[in-house]
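Just below is one structure, and these are the notes that go with it.
The values are calculated or read from the model by the stated rules, or taken from the named source; none is laboratory data. Bear in mind the structure is a predicted one, so any value in this text is a computation, not a measurement. Cβ coordinates were reconstructed from backbone atoms using ideal geometry, including for glycine residues, and neighbour counts include every protein chain displayed. When the accessible area is computed, the model is the full protein with side chains, heavy atoms only, and any ligands, DNA or RNA have been set aside. Shrake-Rupley method; radii C 1.70, N 1.55, O 1.52, S 1.80 Å.
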Amino acid sequence: MGRLHRKDLGLLAVRLGTGGVLCAHGTQKLLGWFGGGGVDGTAKAMEAMGFRPGRPAAIAAGLSEAGGGLLLAVGFATPAAAAAAAGAMAGAVAVHWKAGFFSTAGGYEYPAYLGFIAATLGISGPGRYSLARVLGCRLDRPGMVLLSFAAATVGTAAVVARREQALAAAKSEEGAHR
């Protein structure tokens with residue numbers, strides 16, 4: 001194998017750690033693993049957070065986290081995987097925004113950090129110790145990075161805006177009933 005490449009080993013470590021955490025969070029949502037609510041429980045939670053309808057939101061969040069995390073961990077389709085994971089984390093940031101930054105107060109620190117690391121991996125690429133490298137895959141080109149992040153940005157902005165509208169409508173309706 002020749003000499004080890006420290007930067008690529010560092011990318012591998014960050015990919016495995018971040019991808020593993022994201023994948024675990026996604027499987028909580030999709031499968032109920034690790035104490036999660038599964039699709040039904042997550043759908044109810046998504047509804048309560050203003051993501052309507054809750055079931056498609058739960059599935060989308062779960063797939064973005066589990067699928068994006070798994071692909072990041074193995075280093076395949078890294079731009080798309082990173083964009084999906086970062087988009088899901090941006091949605092989570094929107095939920096926790098009003099609580100401030102620090103997670104100890106219910107803030108957005110943790111999802112922001114996961115999203116930031118996912119985005120960084122999408123920009124940097126998976127490195128030499130990756131499935132993409134083994135298979136000779138070309139899904140890591142600059143155009144794919146741009147396309148993936150543009151699509152995730154548009155999609156995330158639409159989902160967050162729709163959530164904000166749903167919350168405003170619920171607040172307005174609640175005020176009308178008083």
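The table for this structure:
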item: Odd one out for residue 96, checked against (1) touching a residue at least 60 places away in the same chain (Cβ under 8 Å); (2) more than 22 Å from residue 70 (Cβ to Cβ); result: (1)
item: Where residue 170 falls short, out of the listed (1) outside any helix (DSSP H, G or I); (2) exposed (fewer than 14 other Cβ atoms within 10 Å of the Cβ); (3) in contact with a Gly (Cβ under 9 Å, 6 or more places away or on another chain); result: (1)
item: Long-range neighbours under 7 Å by Cβ, at least six apart or interchain, first residue at negative phi and β-branched (Val, Ile, Thr) within region 134-154, second part of a helix (DSSP H, G or I) and exposed (fewer than 15 other Cβ atoms within 10 Å of the Cβ); result: 145/123
item: Hey, residue 152 of a type in the set (A, V, I, L, M, F, W, C), surrounded by fewer than 11 Cβ atoms within 10 Å (Cβ to Cβ), out of contact with any His (no Cβ under 9 Å at 6 or more places or on another chain) and within 21 Å of residue 57 (Cβ to Cβ) or not; result: no
item: Yes/no for residue 29 being assigned to a helix (DSSP H, G or I), under 24 Å from residue 155 (Cβ atoms) and either of a type outside the set (Lys, Arg) or over 18 Å from the mean Cα position of the chain (by Cα) (or both); result: no
item: Boolean, residue 30 is closer than 15 Å to residue 82 by Cα and open to solvent by 30 Å² or more (accessible area, probe 1.4 Å); result: no
item: Residue tally, condition surrounded by 13 or more Cβ atoms within 10 Å (Cβ to Cβ) and either more than 20 Å from the chain's Cα centre (by Cα) or not aromatic (Phe, Trp, Tyr) (or both), over region 124-149; result: 17
